[in-house]
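The values are calculated or read from the model by the stated rules, or taken from the named source; none is laboratory data. The structure displayed is predicted, hence computed values, not measured ones. Cβ: placed from backbone, ideal geometry, glycine included. Neighbour counts: every protein chain shown. All accessible areas refer to the heavy atoms of the entire protein, side chains included, with ligands and DNA or RNA removed. Shrake-Rupley method; radii C 1.70, N 1.55, O 1.52, S 1.80 Å.
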Amino acid sequence: MSIKNDLFLRALQGETVERPPVWMMRQAGRYLPEFMKIREKYDFFTRCQTPELASEITVQPIRRFGMDAAILFSDILVIPQAMQIEVQMKPDFGPYLPKPIRSQKDVDKVLVPDVNEELDYVMQAIAATKEKLQDEIPLIGFAGSPWTILCYCVQGQGSKTFDKAKEFCFTQPIAAHNLLQKITDTTISYLRAKVKAGVNAVQVFDSWGGMLSPNDYKEFSWNYIQQIIDALKEETQVIVFGKGCWFALGDMAKSGAAALGVDWTCSARNARYLTGGKITLQGNFDPARLLSPPEVIKKMVTQMINEFGKDQYIVNLGHGILPNVPVENAKAFIDAVKEYKP
């Protein structure tokens, strides 16, 4: 089936477009009043694991704003759950893993699961979402990078430094690499299954990549992301977003990824320079800037598009949308792109 609005897919392929496509990381969720109503009734992982709820949450922002792509509502931590690592989502705290991985013995117990069995609910959510979208726009599937998943598995919760995760990698590198490989193998199977279930592109979120020095990044993060790209690039378009990873943009540009996400600390000019100007870039509006007045947001979005250029570019935020962003400000962001005239 061909997608009616294929602007996003054309931008991923580097084609000339009339305007850049737009979507927002974390667009399905916490800033929308209709999402809040669902959140009052169901806890976090129930929302992820119930295909009808996940698909409804996925399409809510599309109904309201008409983005050029939808991203499936889910979470990166469904992967460790599938690997039989317990993950809880505590209100006002975030992810909590009661039995963090701290030794080779712990790593040995971690399973590489059958994703079609353990994560079947995600595939069902894709089917339900595709039905709701009616091929109007593409659907994006995603996963966390192996390093980012390891951060939670070892730290046991969110962190500003992920000091325990880094200590584990630097003091027990063999155990760390074993764990990273298990996560990578699971992630490849998972993303493959998502493509088979109907997603039109996938994004790898390396949320904590910027915690590492360039050399450590290569060893503990990038090598594993590269495996994911190599495994999937013939089957679908792969977008890689590494927060705080501007130093790796040169390597990323040679990786076979279709597009690279950029955060707001890296200017359009630097991002184009570091990537050799030959690859589609995505980003990089500071999510906190969505708290500016709508008319300021519109001016800034137009300026951002002019700086990146309308081709080989996907308008997005430099990280996920914040829960306290007013709905009309999110609308101003999307509208500014749709109204863009080169």
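Being within 20 Å of the chain's Cα centre (by Cα) and among the aliphatic types (A, V, I, L, M): is that true of ILE76 here?
In short, yes.
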Task: The lone exception for ILE228 - which of (1) open to solvent by 20 Å² or more (accessible area, probe 1.4 Å); (2) within 17 Å of the chain's Cα centre (by Cα); (3) within 25 Å of LEU111 (Cα to Cα) it fails - done: (1)
Open item on the list: Which condition from (1) open to solvent by 30 Å² or more (accessible area, probe 1.4 Å); (2) more than 30 Å from ASN5 (Cβ to Cβ) is the one that LYS132 breaks?
Closed with: (2)
Open item on the list: Testing GLN157 on (1) closer than 20 Å to ASP251 by Cβ; (2) open to solvent by 20 Å² or more (accessible area, probe 1.4 Å); (3) not hydroxyl-bearing (Ser, Thr, Tyr), one condition comes back false. Which one is that?
Closed with: (1)
Open item on the list: If I ask for residues that are over 14 Å from LEU322 (Cβ atoms) and among the polar types (S, T, N, Q), which ones from region 16-37 would you list?
Closed with: THR16
Task: Among residues of region 161-193, those that are more than 19 Å from GLN81 (Cβ to Cβ) and open to solvent by less than 20 Å² (accessible area, probe 1.4 Å), counted - done: 5
- [ ] Could you list all residues from region 90-116 that are within 26 Å of ARG192 (Cα to Cα) and open to solvent by less than 60 Å² (accessible area, probe 1.4 Å)?
- [x] PRO95, VAL107, VAL110, PRO113, VAL115
Open item on the list: Yes or no: region 215-225 includes at least one residue that is at pLDDT 95 or above, among the β-branched types (Val, Ile, Thr), touching a strand residue (DSSP E or B) at 6+ places or on another chain (Cβ under 8 Å) and surrounded by 21 or more Cβ atoms within 10 Å (Cβ to Cβ).
Closed with: yes
